[in-house]
């Protein structure tokens, strides 16, 4: 027999789902324009984007009243998957997992495809980033990092994954706001970066909370600053970028989109289905397990579109500055 709290939770989720569907439009097998939906993920099975899609797809299917099948199509930082989506009809029968890669791929010239070719549906969550140092190392606080950088211009070594990547953009925004010089060290894999941090070959690394939570709990790594508007309840005492007067850089996020030109009714039904799916137990468990619920991240279609436009400009400005140097 279910406990009373479990029953109440189930009722609450049902009420929230009903409200979401009412707000964004109803959908059923009778009125959704597709007999089935394919959700194309530009990354391999088992990764963050794949797990996100598979945790949310059942809830989307329940609301739409049609099957939603997740298909992995990795390659070229999800460009292969994006090309596939844009080569299909704009009918709402194909969903695409969108991440900041769609912006950086476009701006750095890896593809001629544009984020404006897509119609945003929903941003589900953000994966908040932090700047981290080795626990027990020379930097016990963010002030120590800034003091070292000022005393040793250009000698502070900051690690991140990829060159001209999301990580490098974020690092440049943060240290640009702090007004200090540094040297960015790009890594192909975060595991190698973490090893260099623990081995004293890096001073600071940028990474998401979900990635380094285990090392923080093990006492290997110390978070110094959270790149958000305010402190996180889970990490009391870790200063937020906004509290220091810094421009808050973008966060890593995941969401869903369809091909531009998809009929407005289908977009509205998909938006409602995604909003309802985000309140299901399966998706909530996914968020909690990966610490993706530490900071508000959910946006509907209009808010997501506005965010994409703003972040595209921010990324373009930073990358233009990198190229000028």
- Message: Let me understand region 189-325 better: what is its radius of gyration from the alpha carbons, and its Dmax, in angstrom?
- Response: 18.1, 55
- Query: For the peptides 263-273, 180-190, what is the packing order when you average, over each peptide's residues, the other Cβ atoms within 10 Å and list the highest mean first?
  - Reply: 263-273, 180-190
- Task: Send over the semi-axes of region 102-148's equivalent ellipsoid, whole angstrom and largest first, taken as the square roots of 5 times the C-alpha gyration tensor eigenvalues.
- Result: 38, 16, 8
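Among DSSP beta bridges whose residues both lie in the chain, state the antiparallel percentage, nearest 5.
55 percent
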- Query: If you work out Cα extents along the principal axes in Å from the coordinates, which of (1) 60, 53, 35; (2) 62, 47, 36; (3) 68, 53, 33 do you get?
  - Reply: (3)
- Item | Gained length - residue 191 relative to residue 34, 0.36 nm times residue gap less alpha-carbon distance | 52.3 nm
- Query: residue 220 to residue 313: extension gain in nm, 0.36 nm per residue of separation minus the Cα-Cα distance?
  - Reply: 29.9 nm
- Message: How much of the DSSP bridge set in region 129-244 is antiparallel, in percent, rounded to the nearest 5?
- Response: 50 percent
- Query: Under the rule of -39500 (n - 2.57) per DSSP H run of 4 or more residues, summed and divided by the residues of the chain, what mean residue ellipticity at 222 nm is obtained, to the nearest 500 deg cm²/dmol?
  - Reply: -13500 deg cm²/dmol
- Query: Per 5 Å bin, what percent of the C-alpha pairs of region 129-244 does each bin hold, from zero upward?
  - Reply: 2, 12, 24, 28, 21, 11, 1
- Using Cα centres only, tell me the gap between region 260-307 and region 180-198 in whole Å. 32 Å
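Where a number appears in this text, it was derived from the coordinates with a stated rule and is not lab data. Nothing here was measured: the structure is a model prediction, and the numbers come from that model. Here the Cβ is made from the backbone with ideal geometry for all residues, glycine too, and neighbour counts use every protein chain on show.
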